[in-house]
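The values are calculated or read from the model by the stated rules, or taken from the named source; none is laboratory data. Bear in mind the structure is a predicted one, so any value in this text is a computation, not a measurement. Cβ coordinates were reconstructed from backbone atoms using ideal geometry, including for glycine residues, and neighbour counts include every protein chain displayed.
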Amino acid sequence: VEILSVFDELADYANYHFETEEEIWSEHFADDSWLGSHQLSHASFLPKVLEIKAQESYRPLRDVIESIVKFLIRWLAFHIIDDDKKMSLTIKGMESGMSLIEAKIYADKK
């Protein structure tokens with residue numbers, strides 16, 4: 001029962017975080033493919049969490065916890081360290097006067 005509560009809290013926070021983040025990204029990447037790609041990445045997160053949650057009823061609790069921790073580490077590492085950081089560096093470049101294309105190149109080099 002406690003793990004179900006944790007999954008619910010994770011899902012609620014993820015929804016809040018993704019909505020807030022996407023508002024920021026959409027201001028700067030409205031017509032850019034990066035925004036759509038990023039939104040797809042967000043959209044894939046919750047179904048995977050719910051899939052792992054569904055396993056809770058027939059797998060040992062330890063295995064379920066291990067699955068969610070492994071998933072979160074991989075997803076967060078790639079998403080935050082790569083995608084989010086690259087997008088924030090691009091915005092920083094644009095705020096300093098670069099075009100979107102120049103700022104993307106700047107972010108890729110960083």
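Assorted remarks:
- Qualifying residue in region 47-54 (condition: under 11 Å from the mean Cα position of the chain (by Cα) and either hydrophobic (A, V, I, L, M, F, W, C) or closer than 30 Å to residue 2 by Cβ (or both)): no
- Here the condition is being under 18 Å from the mean Cα position of the chain (by Cα) and modelled with pLDDT of 90 or more; of 99, 67, 88, it holds for 88 alone.
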